[in-house]
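Asks: The structure under discussion is supplied below as structure tokens; questions concerning it will follow.
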Amino acid sequence: MAQLLKHAPDFNVASAEAIAEELFGIRGHAQSLPSERDQNFLVTDRAGEKFVLKIANALESRAFLEAQNAALRHVAQRVSFCPSLVIDEIATVKAHSVRVVRYLPGVPLAQIRPHKPALLRDVGRKLGQLSHALSDFDHPAVHREFHWDLANGNRVIDEFAPLVEEASLREMVLGCKVEFKSALRRSVIHGDANDYNVLVDPERMIVTGLLDFGDMVYSYTVGELAIAIAYVVLDKPDPRAAADQVIEGYASEFRLFEEELEMLWPLVRLRLAMSVCIAASQLREQPENEYLRISQKSIETSLPRLILGHG
């Protein structure tokens, strides 16, 4: 993980504008967007059309970026809320791969309050539709070793929990390790439906977008739902009630098996524990990166309640 952060791109706005124009023929004004290990820029051309210039980490393989493009092409035939490719081309600038996708309008779910039941059900519905769309997609590059993969959760906790400074939080994190069931279904998942990657129309209160396929991985299918729930329940007075709305919406579009329902809450807690551990590691490398802290306070407040059974 530390190596990824060391090889993150560091282009300024002027460079992003030049790249967009010279490589993709898009002339416009750029502004930086938050990212963990890559760089993203919103580029608005003179006609007001918006694009996202995506500059990948220097360690990201071209094969995986080709897999992302293939996934976007695949799901575009089935759903309308994922980014679409402007040009099916991957350029290279100073060892970094660069792509362009169309901008999706909306406000991050994290900035919407309150999360009414109908909105949470729509979050679930859209994720269920995505799971259905991805159910017949595969690519060799997504069968990868990835630190955010829930299948690696126990190892991540063992390795990085010692870096969590607060003793009580560290003990809670260590208690979130799980025993995986061998019968759990596996498939390609988006892998990061957190509340900043889910976009909402604030007037109609429906989900309009799901951003960033950079965490895509072949893993536990139910992990798609567990990851989304992990962020939906943050700061909720009744986490179970909020999660139930998402589950209801998801199940209306994509069938859940009994063993998946049994593992759902353990995987929710595992995801949050992984987030604490990975943030502790990354913040040692980039203490000035506020994006790495974005959910940590909410997680530290909510995790005890989830562990104690109120979730």
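The values are calculated or read from the model by the stated rules, or taken from the named source; none is laboratory data. Worth saying up front: this structure is predicted, and the values here are computed from it rather than measured. Reconstructed Cβ throughout: ideal geometry from the backbone, glycine too, with neighbour counts over all protein chains shown. Calculation scope for accessible area: heavy atoms of the full protein, side chains included, ligands and nucleic acids excluded. Shrake-Rupley method; radii C 1.70, N 1.55, O 1.52, S 1.80 Å.
Asks: Ranked by accessible surface with a 1.4 Å probe, highest first, in what order do ASP235, ASP10 come?
Replies: From most accessible down to least: ASP10, ASP235.
Asks: Can you pull the one-decimal nm distance between simple spin-label points at GLN296 and LYS6, each 7 Å off the Cα toward Cβ?
Replies: Output for this residue pair reads 2.1 nm.
Asks: Express the relative contact order of the chain as a whole percentage, based on alpha carbon pairs under 8 Å and six or more residues apart in sequence.
Replies: Worked out over the chain, it gives 19 percent.
Asks: On to the next question. Expected output is a single nm value to one decimal: the length gained when fully extending between ASP201 and GLU22, i.e. 0.36 nm times separation in residues minus the C-alpha distance. What is it? Working shown, then result.
Replies: Values: separation 179, 0.36 × 179 = 64.44 nm, distance 3.30 nm.
Result for the pair: 61.1 nm of gain on full extension.
Asks: Which ³J(HN,Hα) values, rounded to whole Hz and listed in residue order, are derived for the range 121-138 from phi using the Karplus coefficients 6.51, -1.76 and 1.60 in 6.51 cos²θ - 1.76 cosθ + 1.60 with θ = phi - 60°, glycine and proline given as x?
Replies: Each residue's phi maps through the Karplus curve to give 5, 5, 4, x, 4, 5, 5, x, 5, 5, 4, 5, 5, 8, 4, 10, 10, 8 Hz.
Asks: Using only the alpha-carbon atoms of the chain, report the extent along each of the three principal axes, biggest first, to the nearest angstrom.
Replies: Principal axes ranked by extent give 55, 41, 38 Å for the Cα atoms.
Asks: Roughly how many Å is it from the Cα centre of the range 1-51 to that of the range 122-144, as a whole number?
Replies: 27
Asks: Let me ask something additional. For the pair ASP138/GLU159, report the inter-label distance in nm, with labels modelled 7 Å from Cα in the Cβ direction.
Replies: 2.6
Asks: Whose amide H sits under 5 Å from the amide H of ALA193, counting only residues 5 or more places off or on another chain, with H placed in the peptide plane?
Replies: Amide H neighbours of ALA193, under 5 Å, 5+ apart: ALA228.
Asks: If ligands, DNA and RNA are left out, what is the accessible area of TYR196 with a 1.4 Å probe, given in Å² to the nearest 10?
Replies: Spelled out: TYR196, probe radius 1.4 Å, area about 70 Å².
Asks: Taking θ as phi - 60°, what are the ³J(HN,Hα) couplings along the range 194-209 by the Karplus curve (6.51, -1.76, 1.60), each to the nearest whole Hz, with x for Gly and Pro?
Replies: Result, rounded to whole Hz: 7, 6, 9, 9, 9, 9, 10, 7, x, 8, 8, 6, 10, 6, 10, x.
Asks: A further question follows. Going highest first, how would you order 116-122, 206-212, 177-183, 140-146 by mean Cβ packing within 10 Å?
Replies: By packing density, highest mean first, the sequence is 206-212, 116-122, 140-146, 177-183.
Asks: Taking just the alpha carbons, could you work out the radius of gyration and Dmax for the range 160-225, both in angstroms?
Replies: Spelled out, the Cα radius of gyration and Dmax of the range 160-225 are 16.4, 45 Å.
Asks: A follow-up question, please. When the Karplus curve 6.51 cos²θ - 1.76 cosθ + 1.60 is applied with θ = phi - 60°, which whole-Hz ³J(HN,Hα) does each residue of the range 82-91 get, with x for Gly and Pro?
Replies: In residue order, the calculated couplings are 10, x, 10, 6, 7, 9, 7, 9, 10, 8 Hz.
Asks: I would also like to ask the following. Rounded to the nearest 10 Å², what accessible area does ARG204 have for a 1.4 Å probe in the complete protein model?
Replies: 150
Asks: Continuing with this model, one more query. Please list SER131, SER32 in order of solvent-accessible area, largest first, computed with a 1.4 Å probe with all protein chains present.
Replies: Correct descending sequence by accessible area is SER32, SER131.
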